[in-house]
Amino acid sequence: MILQDILYKVSIRSVKGNTNTAINDLQIDSRKVTPGSCFIALKGNAVDGHQYIDVAIANGAVAAVCEVLPQQIDEQVVYIQVENSAVAAGLMSHLFYGEASLKLKLVGVTGTNGKTTIATLLWKLFTALGYKCGLISTVQNQIGDEVVSATHTTPDAININQLMKQMLDAGCEYVFMECSSHAIHQHRIAGLHFAGALFSNITHDHLDYHKTFDEYIRVKKSWFDALPSSSFAISNMDDKRGMVMLQNTAAKKYYYSLKTMAEFKGKILENSLVGLHMMVNEQEVYFRLIGEFNAYNLLAVYGAAVCLGQDKQLVLQTLSILTGAEGRFDYVVSKNDRIVGIVDYAHTPDALLNVLATIKNLRQGHEQIITVVGCGGDRDKTKRPVMAEVACEYSNRVIFTADNPRSEDPLQILKDMEAGVSVVARKKYISIADRREAIKTAISLAEKEDIVLIAGKGHEKYQDIKGVKYDFDDKQVLNEVFELLEK
């Protein structure tokens, strides 16, 4: 690939050297550079790639893309000074990997809660309808049935385009992708062509990164603002910012709702542990998914499928037999005492409230709700007391515990959570830093047919403590404890 052929959409400030140079690959990590690489220097949160241009050149880079030119210029290397390296990485990767997103139908999903379930349901739906599909999600990336593990909600720009090229080469027609606010802000999806974009909802999250709620909203909205008129945009009419998200988009606008008139209108007739009984655009349907939040997810998926030209009847028929994403309201019932253990990824106050409200609606009346919950380290601290407050308000008993403390002291995180508990609710909770012990205690406290919610980690298979990821799987521990205590 010739360098100048992948630069034509990039805002360039200056060039030193000849852009008619062959490059073998693109890299943003100087350690991965090999002879013939083009190195793109990104300014990250912790590390600035500009400090590693020399390392990249020593490793064989023939070109360097940067916002600030280094003081020492190597005559053998081409330097491209650009307005924004992150945007350049997206645009260049898209061209380098053959503009795969133009040859596939790419649908993105953003919002605080529901992204993974919506993207996964779309992948399952279109796969069941007979298409080969790609999935890029928090839980996993998939090319057809082949699983490729995921590290971020959205991989970096080079990885995304590489993945899409693999998906295209493997014969995928559709790709469904979670688009986090971080990825939008860091331009990891710059250059991609989206056939459709979905908005689920927006609540208090990632303020450790975005600083203010308005900035968080602005970032998500900027993605819709940039969509072309050939795309479709679907938003949640019942979210108070649902219409704001689409107000400046050129894409064709559609809405879904449980409460008001919309193109994709739903109504819950019955919500139980067996599933949802709904009306969807005047059609009666039974779904295997549980809870009002999943009713919204199902409407978003139905809307996207219709916008992608699928038969409405067939879509509803197929959706009625699908299950959700791993670690999203994932439940098991114990053998002897019929205790319902629910594992859920809820790690924001709103998501926790949704899950607990759903559980409350599913109760027959006599069961206790026991919640095990923690808050992640090195993340938005303002939500810790709120998470604790929500857990105590909607549960009979609560156990605060560790949830990926990362570099922080788990006991300090527990103190931050405890600050949110009212005087009245103090009798309801205990704090146990060891997550396994916390789960064991919850199951010990549970009587026949009680409901135990283990919130915060969902599908994750590790505990992140001081930079080390230790094996830990909530669902596995739950099953082990049921066995151990003969529940």
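Numerical summary
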read-out	value
Residue in segment 351-365 that is surrounded by fewer than 16 Cβ atoms within 10 Å (Cβ to Cβ), among the basic types (K, R) and closer than 30 Å to T382 by Cα present	yes
Lone qualifier among V109, V147, V139 - being closer than 26 Å to V315 by Cβ and open to solvent by less than 20 Å² (accessible area, probe 1.4 Å)	V109
Filter result (more than 17 Å from S30 (Cα to Cα) and either open to solvent by 60 Å² or more (accessible area, probe 1.4 Å) or in contact with a strand residue (DSSP E or B) (Cβ under 8 Å, 6 or more places away or on another chain) (or both)) within segment 74-87	E75, Q76, Q81, V82, E83
Residues being open to solvent by 10 Å² or more (accessible area, probe 1.4 Å) and in contact with a Gly (Cβ under 9 Å, 6 or more places away or on another chain) - total across segment 267-284	3
Qualifying residue in segment 107-124 (condition: more than 26 Å from T203 (Cα to Cα), part of a strand (DSSP E or B) and modelled with pLDDT of 95 or more)	no
Some residue of segment 221-231 being over 16 Å from D350 (Cα atoms), buried (at least 22 other Cβ atoms within 10 Å of the Cβ) and at pLDDT below 95	yes
Residue list for segment 155-189, restricted to those being at pLDDT below 95, assigned to a loop (DSSP other than H, G, I, E, B) and more than 23 Å from T212 (Cβ to Cβ)	P155, D156
Cβ pairs under 7 Å, 6+ apart, first in segment 386-411 and at positive phi, second open to solvent by 50 Å² or more (accessible area, probe 1.4 Å)	R406/D378
Output for segment 1-15, where each listed residue is of a type in the set (D, E, K, R) and either open to solvent by less than 90 Å² (accessible area, probe 1.4 Å) or closer than 16 Å to Q162 by Cα (or both)	D5
Search result, residues across segment 222-272 that are farther than 19 Å from G191 by Cα and among the β-branched types (V, I, T)	I234, V244, T260, I268
Long-range neighbours under 7 Å by Cβ, at least six apart or interchain, first residue under 11 Å from G458 (Cβ atoms) and small (G, A, S) within segment 322-335, second open to solvent by 30 Å² or more (accessible area, probe 1.4 Å) and modelled with pLDDT of 85 or more	G327/Y345
Subset of segment 360-390 (residues that are among the aliphatic types (A, V, I, L, M) and in contact with a helix residue (DSSP H, G or I) (Cβ under 8 Å, 6 or more places away or on another chain))	I369, I370, V372, V373, V386, M387, A388, V390
Wholly enclosed strands (runs of 3 or more DSSP E) of segment 260-376 bearing at least 2 residues touching a strand residue (DSSP E or B) at 6+ places or on another chain (Cβ under 7 Å), of a type in the set (D, E, K, R) and at pLDDT 95 or above	264-272
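Listed here are the residues, each with its yes/no results for (1) within 18 Å of R406 (Cα to Cα); (2) out of contact with any strand residue (DSSP E or B) (no Cβ under 7 Å at 6 or more places or on another chain).
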position	(1), (2)
V423	no, yes
K427	no, yes
A438	no, no
I451	no, no
G458	yes, no
K461	yes, no
D474	yes, no
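Rundown of residues vs (1) more than 21 Å from I40 (Cβ to Cβ); (2) in contact with an Asp or Glu (Cβ under 7 Å, 6 or more places away or on another chain); (3) of a type in the set (D, E), yes/no style:
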position: K103; (1), (2), (3): yes, no, no
position: T110; (1), (2), (3): yes, no, no
position: T116; (1), (2), (3): yes, yes, no
position: F126; (1), (2), (3): yes, no, no
position: K132; (1), (2), (3): yes, yes, no
position: I136; (1), (2), (3): no, yes, no
position: N159; (1), (2), (3): no, no, no
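The values are calculated or read from the model by the stated rules, or taken from the named source; none is laboratory data. These numbers were taken from a predicted model, which means no experiment stands behind them. No Cβ is skipped: glycine too gets one built from the backbone with ideal geometry, and neighbour counts run over all protein chains shown. Calculation scope for accessible area: heavy atoms of the full protein, side chains included, ligands and nucleic acids excluded. Shrake-Rupley method; radii C 1.70, N 1.55, O 1.52, S 1.80 Å.
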